[in-house]
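Participant: Just passing along the structure, written as structure tokens.
Read-outs throughout are calculated quantities, based only on the coordinates presented, and are distinct from any laboratory measurement. For clarity, every value in this text was computed on a predicted model and none was experimentally measured. All Cβ positions, even for glycine, are placed from backbone atoms using ideal geometry, and neighbour counts span all protein chains on display.
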Amino acid sequence: MNSHRPGNYRWTICALLFFATTVNYLDRQVLSLLAPSLSKEFGWSNNDYANIAAAFQFIYAIALLFVGRIVDKLGTKTAYALAITVWSLGAVIHAYSLEFGAAFNVVLSPLGLALPASVLGFVIARAVLAIGEAGNFPAAIRATAEYFPKSERSLATGIFNSGANIGAILAPLSVPVIAALWGWQAAFVWIGAIGFIWIAFWLAMYEEPARQKRLSRAELDYIRRDDAPAAATATSVDRTPNPGWLQLLGLRQTWAFVVGKFMTDGVWWFFLFWLPKYLTDEYKIAPTAMMLPLAVLYSMTMVGSIGGGWLPAIFMKRGESAFEARMKAMLLIAFFPLVVLLAQPLGHYGYWMPVILIGVGASAHQAWSANLFTTSSDLFPRRCVGSVVGIGGLAGGIGGVLVTKIGGKLFDYYGAQGQIQTGYMIMFAFCALAYLFAWVIMKILVPSRVAAHMPKELVDA
């Protein structure tokens, strides 16, 4: 065993993942912040906005299934650079949504399929954004599995995942100001262009650990301390074929990850896409006035993201396996979203009450997400991680589409009756309870004895 200090270059990689995730959420958040003003400008109903948001989620979900395989095939470095190139272009073309919508309607009109140009154009732009953004988490989770031992993965995941919170904080501080000064098109172009800067740093600084010249031998040994002896001593890149989807779908471990994503991802999507409209509908807050409450709310989520990644280490020090430690942490985390049930009943005290309560729920989601993502690298070899995350991401995206569409229908239905608060109460109830239900099903699917079992061909992979 090497007695030298292992070095810290792996945390530089974590910083790159953090900034990529920040950019990812900055680009994703622009539309939701501009939704109140765009809805007024283009005459969108809640269902129109739900269709635009759901288009992103649906394409994102489908893309995740394939992107996971692409990441495993191309490798982390190439796949991540390709992903952020596509999503940055997708973010920029939002500024030209009307032109794209009008152009596509020329083809669709003779078929009787024409849509309002604004809706169709934004759907197209969201689709391109979704295809690129789908690569972020499969690539980041694979990079984490490559550069961190199991004991540090949930912390590393929590740190890079907190980039989502930073992006969500920076967006309300910047997007309304840019839109007010230079127009909504400028907000999409300026924010979208940031991703191209990140690509230069990524290509210069990332390489697979076995080829990374900035990584000391002591740190490489430290990273691979959990590996089988053959893998731990390997210095070349393994080209063994990756397992197929059908093989992975035959495992209870895969389905546990799928259930966790399907039942809880929609909560985060709901908070991300509907909170600005909630504050407008319930409290008549103007877009520029949302800057402070949304910044406070998403600042709270950083605590959950990093704290949730740290929590399993307590149980690991007591001798628990990585997966069991994470499941115990996730059970504790699953109780915190219950406070969201109070958001509507206590909302009459002012908008800060639901902002704080929803902030606790959103913080708990980030803590849950940091651990849920890491279970994929606890249960599966590195070679499978991108594919498993992709399958789970598809399930999470489908769950997100359902939540978004149901929310839009509920808000239009109850809004027409002058009782939109009832629609929000129903959605908040789902957000509060989803995690406990998900945890129970995951535990039934993967008790301790199943978590420890993996087919030999996957272990060898």
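Participant: For the chain, calculate the relative contact order in percent as a whole number, restricting contacts to Cα pairs under 8 Å that are 6 or more residues apart.
Facilitator: It comes to 27 percent, rounded to a whole number.
Participant: Same structure again: Between exposed trypsin sites (Lys or Arg not before Pro) in the chain, where DSSP calls loop and at most 16 other Cβ atoms lie within 10 Å, what's the longest gap?
Facilitator: Looking at the chain, 1-212 is the longest stretch - no exposed trypsin sites (Lys or Arg not before Pro) with at most 16 other Cβ atoms within 10 Å.
Participant: Okay, next question. In whole angstrom, and with the biggest value first, how far do the Cα coordinates of the stretch 339-439 range along each principal axis?
Facilitator: Ordered largest first, the stretch 339-439 gives principal extents of 53, 26, 19 Å.
Participant: Same structure again: Ranked by Cβ crowding within 10 angstrom, fewest neighbours first, how are 422, 254 ordered?
Facilitator: Listing 422, 254 from fewest to most nearby Cβ atoms yields 422, 254.
Participant: Here's a follow-up. Which residue, chosen from 294, 372, 417, occupies the Cα position most advanced towards the positive end of the dipole of the stretch 9-460, where the dipole is computed from +1 (Lys, Arg) and -1 (Asp, Glu) charges on Cβ about the Cα centre?
Facilitator: Most positive-ward Cα: 372.
Participant: Here's something else I'd like to know. Treat the count of other C-beta atoms within 10 Å as a stand-in for reagent exposure and order 59, 141, 191, 441 from fewest to most.
Facilitator: By the 10 Å Cβ count, ascending: 441, 59, 191, 141.
Participant: Quick check: the distance between the Cα centres of the stretch 150-166 and the stretch 357-396, to the nearest angstrom?
Facilitator: 11 Å
Participant: Can I ask one more? For the chain, count the residues as N, evaluate 2.2 N^0.38 Å, and divide the Cα radius of gyration by that value, please.
Facilitator: 0.96
Participant: Follow-up. What dipole magnitude, in Debye to the nearest 20, does the chain give about its Cα centre under +1 on Lys/Arg Cβ and -1 on Asp/Glu Cβ?
Facilitator: 940 debye
Participant: Between 36, 15, 122, whose Cα lies farthest towards the positive end of the dipole of the chain when Lys and Arg beta carbons carry +1 and Asp and Glu beta carbons carry -1, centred on the Cα centre?
Facilitator: The residue sitting most towards the positive pole is 15.
Participant: Output the DSSP H helices from the chain with an along-axis C-alpha extent of no less than 27 Å and a mean Kyte-Doolittle hydropathy no less than -0.5.
Facilitator: Membrane-span-like by this rule: 9-42, 46-74, 150-182, 184-205, 252-283, 291-316, 352-379, 382-416, 420-445.
Participant: As a quick test, which of the pairs 73/328; 409/443; 77/261; 150/317 have an alpha carbon distance above 22 angstrom in this structure?
Facilitator: Long pairs (Cα-Cα over 22 Å): 73/328; 409/443; 77/261.
Participant: Work out how much length residue 200 to residue 225 would gain on full extension: take 0.36 nm times their residue separation and subtract the Cα-Cα distance, in nm to one decimal.
Facilitator: That pair, residue 200 and residue 225, stretches by 5.9 nm at full extension.
Participant: Please report the base-10 log of the normalised intensity I(q)/I(0) for the stretch 14-107, using a Debye sum with one equal scatterer per alpha carbon and no solvent, at each q in 0.14, 0.19 (1/Å).
Facilitator: -0.67, -1.09
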